1. Search the range A:66-84 for residues being within 22 Å of the chain's Cα centre (by Cα) and at the interface with chain B (Cβ under 10 Å from one of its Cβ atoms), and hand back the single one that is nearest to ligand 4 (Cβ to nearest atom).
2. Among (1) within 15 Å of ligand 2 (Cβ to nearest atom); (2) in the same structural domain as A:Lys24 (by TED's automatic domain parsing), there is one condition A:Glu71 misses while meeting the rest; what is its number?
3. Confirm whether B:Ser268 is touching a residue at least 12 places away in the same chain (Cβ under 8 Å), among the hydroxyl-bearing types (Ser, Thr, Tyr), in contact with a helix residue (DSSP H, G or I) (Cβ under 7 Å, 6 or more places away or on another chain) and part of a loop (DSSP other than H, G, I, E, B).
4. Being at pLDDT below 95 and within 16 Å of ligand 3 (Cβ to nearest atom) is the requirement here; does A:Arg59 meet it?
5. Can you confirm whether A:Arg59 is within 14 Å of another protein chain (Cβ to nearest Cβ) and within 16 Å of ligand 1 (Cβ to nearest atom)?
6. Could you give me the residue pairs with C-beta distances under 6 Å whose first residue belongs to the range B:506-517 and is under 15 Å from B:Ile336 (Cα atoms), whose second residue is of a type in the set (Ser, Thr, Tyr) and within 14 Å of ligand 1 (Cβ to nearest atom) wherever it lies, and which are 6+ apart or on separate chains?
7. Hey, among A:Thr42, A:Thr8, A:Thr12, A:Thr21, which residue is within 13 Å of chain B (Cβ to nearest Cβ) and either closer than 25 Å to B:Ala544 by Cβ or away from ligand 4 (no atom under 14 Å from the Cβ) (or both)?
8. Listed residues A:Tyr136, A:Tyr140; which is of a type in the set (Phe, Trp, Tyr), away from ligand 3 (no atom under 16 Å from the Cβ) and farther than 19 Å from A:Thr96 by Cβ?
Amino acid sequence: MEDSISLTIDGTEVNVERGTTILKAAEAAGIEIPVLCYFAHTTANGLCRLCVVETEGVRGMQAACVAEASEGSVVHTDSPGVQSARKTILEMLASTVDLSEAPELHKLMQRYDAQPKRFEGGKRRQPEMIDDNPMYIRDYAKCVMCWRCVQVCAADAQYTYAIDFSGRGFNSSIGTFFDKPIPQTTCVFCGQCVGVCPTGALKGKREFLFEQGVAPEDIFQVTRRNGKNQRSLKGPHLDRGG
Amino acid sequence: MTTKTHVFDRETLNAIVDGQSESGRTALIPALLEAQRAFGYLSEELVEQIGQDLRVPLAEIHGVIEFYSMLYRRPVGETIIRVCTSPMCAMVGGEEACTAACDHLGVERDVPSQDGRFMVEAVECLGLCDHAPAALVGDTPVAGIDPREPASWIASPEEAPPGVVDGDLRWLTARCGVIDPTDLAAYERLGGFQALKDAIKDLQPEDVVETIKKSGLVGRGGAAFPTGLKWEYTAAAPGETRYIVCNADESEPGTFKDRALMEGDPFSVIEGILLAGYAIGAKSGYLYIRGEYPRARRILSEAIGRVRDAGYLGENILGTGFTFDLEIRSGVGAYICGEETALFESIEGKRGFPRLKPPFPTTHGLFGKPTAINNVETLCTATWILANGVKAYRAKGTEKSPGSKLFCLSGDVERPGVYEVAFGVQLQELIDMAGGVTGDLQAVLLGGAAGAFATPAELHLPMTFEDLQAAGLSLGSGVVTVINQERDLMQFLVSLAHFFAHESCGKCFPCQLGTQRQLEIVGRFAEGEAKKGDREALDDVGFAMTNASLCGLGMTAGTAILSAVKKWPELMAD
Ligand SMILES: Cc1cc2nc3c(=O)[nH]c(=O)nc-3n(C[C@H](O)[C@H](O)[C@H](O)COP(=O)(O)O)c2cc1C
Ligand code: SF4
Ligand code: SF4
Ligand code: FES
């Protein structure tokens, strides 16, 4: 094949098309690399770094979800260094955010023997749950900052631009314009953000109420009656051409 | 504070945003800055209007305002007093001065005074380390602020002098302090703009690239990448539009050499940008100056005006057919925007998130176009090389680190300042040049917050890229912070850790989370409250940040602290 390259991943030789990520190349070789922020339907940004691998002769580690496989390279996806980095990242995350509704992460924590306890007592991100609209709740104490919701709300899907970031560094969060309630933003209640959230930080209001033990007929009352004509008329509405 | 509607007059705002909707997103941050200057702060109503005028989604403008320390969406004092509490100033009373200012005005940090006239902030390094402890009072840099007399420097702040510029090889700094920095005729009399004239009249762009390649010049912004290669790659990248960007974000704690060059010899910075622009085939360039450098910005705007009037900028420069223009952009309080791709994002009007690399700026830079981005000192050195020749340049320094280098000496030396020397002088000689250590030497931080500590046993080290690297140290941007025995090294480490926690952009997990955990652990050790296992946890956090982070900030956020515990294990024994 003209445009095919060959590399070695964990001792296995793999042939893939040029431009394939290390993550996909490993998949082709039957090797699974853990991911968190990576999501097939949004632009990969290489944020969580759980997917890091080592490549012989290259300094530091590469995020497999975005790094291209290169001809002749020798990649290690589970070296002691890689394991240590993944373990520490998971521990720091679990000591910051409520991961109680992220079972996938729990599995990973077990696999890497993560001990979040050693970071106990440090700052956590635990803002109050926001219940400001009839369609979904936002419990950012569970938010891992994977960016998926922001991406689907913007150019990866909906072009609605209702949510973006607040703060910086450890104090980052997902926010709205001047922290306004969702009904006062450009949100069109498409529900895509809820669908992509991996940790239960965004949750359909019905599911939330149901979990709280609210009867289905009462749920209908809350979610259908209160949300009419609340969409903000201010600001550019890119879905309507600005 | 009452929550009344923020009044702003539409006409003034019109003047700010008029005609800008065509330029798109890149007009956003300049518009926000101007609006803030005109109306005090960025209220909801004001931002909504700007968003509509520039057609930028409101949530994204919110994200931008939230990212940058110098943009405010709540009322602030008319005069903001920014007191540096980064290591170099903290060491000599920065924290105390900040507290004293608050007490004097009867305010808390970050809260405007009752009469609305003042607001006090503790900020990261202001690039005034030669004047430590220092503050920025409004737009006035103030030196040696006295914690005992806050009234004097708050009420009538006296502008700090330019600062010491010295050394035994005055190439780039030859004109600093000698001529009026904005006197174009004086610059020309001393040989200025001759290199540009020669280049655009007699040399092909590839000749200029070749000269810089032969000189062995490597970048002075910290990464030491060969400048000639960078220009060659950019020139060769496909596409019509190319950019040259001068990185004057200079926010690495302990670094103030670019400030000295911009304030002392602005024309050589401009000449360097023009030469680089010519070499790579760019028609326009940007000069990104950190927001905390109002004086450098003022001097450079004035200098650019003079240069334009004299015909060195604009269409058909000196009748050669070379067309080039240059725009200044202001940083808004974010160290990460010194990282090249974050800087592009910032010019593009976005949060300063570093991009994934590859692709590299030489093919996908500013606005996605091929871009060469260079440090101020790098460009001034290029100007010098093109004026004086490769042979003269290589006559000093070493084979691998040829030429001259500006070092920023701060901390416990007799005469802090910028010292220009040939690469290869010993650390000891450099310290002696600055009048020697005041007190007994404890440690030297080389390369800034992103660097590493040297011990008193390492003073014989030659200051070159290769020698420092071999010793496990780094030259970085040329920071030499001297720390005497009276200083509390642990407190120094705490303020380093604080710097990174404050400046992490938050994009990738190892750095976003790790800088905070590192700060907590170092803080516990400083307070004598370390838990069992903290030392190991610190190592692990450092390892994860160094190896798994997305950009250079995270990759170096643990190095200085880890180097300190390696050299002085007793600092953080379990
Ligand atoms: C966190 C961070 C901050 C940086 N800050 C600066 C800076 O203030 N000035 C600078 O010239 N380079 C800075 N750099 C390096 C730039 O990314 C880039 O390498 C440099 O501007 C290239 O110019 P040079 O080749 O002339 O050194 C920084 C890098 C990182 C990772
Ligand atoms: S709310 Fe959910 S989808 Fe959005 S960034 Fe947080 S974890 Fe990711
Ligand atoms: S290393 Fe730090 S500064 Fe760089 S992208 Fe990651 S969070 Fe941002
Ligand atoms: S899955 Fe690759 S960085 Fe998150």
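1. The selected residue is A:Val66.
2. (1)
3. On the way: touching a residue at least 12 places away in the same chain (Cβ under 8 Å): yes; among the hydroxyl-bearing types (Ser, Thr, Tyr): yes; in contact with a helix residue (DSSP H, G or I) (Cβ under 7 Å, 6 or more places away or on another chain): yes; part of a loop (DSSP other than H, G, I, E, B): no.
The answer is no for B:Ser268.
4. Yes.
5. Answer is yes for this residue.
6. Matching pairs, first to second residue: B:Cys508/B:Ser549; B:Cys511/B:Ser504; B:Cys511/B:Ser549; B:Gln512/B:Ser504; B:Thr515/B:Ser504.
7. A:Thr21
8. Working: A:Tyr140 fails: farther than 19 Å from A:Thr96 by Cβ.
The match here is A:Tyr136.
The values are calculated or read from the model by the stated rules, or taken from the named source; none is laboratory data. Computed from a predicted structure; not experimentally measured. Glycine also receives a Cβ, built like all others from the backbone with ideal geometry; neighbour counts cover every protein chain displayed.
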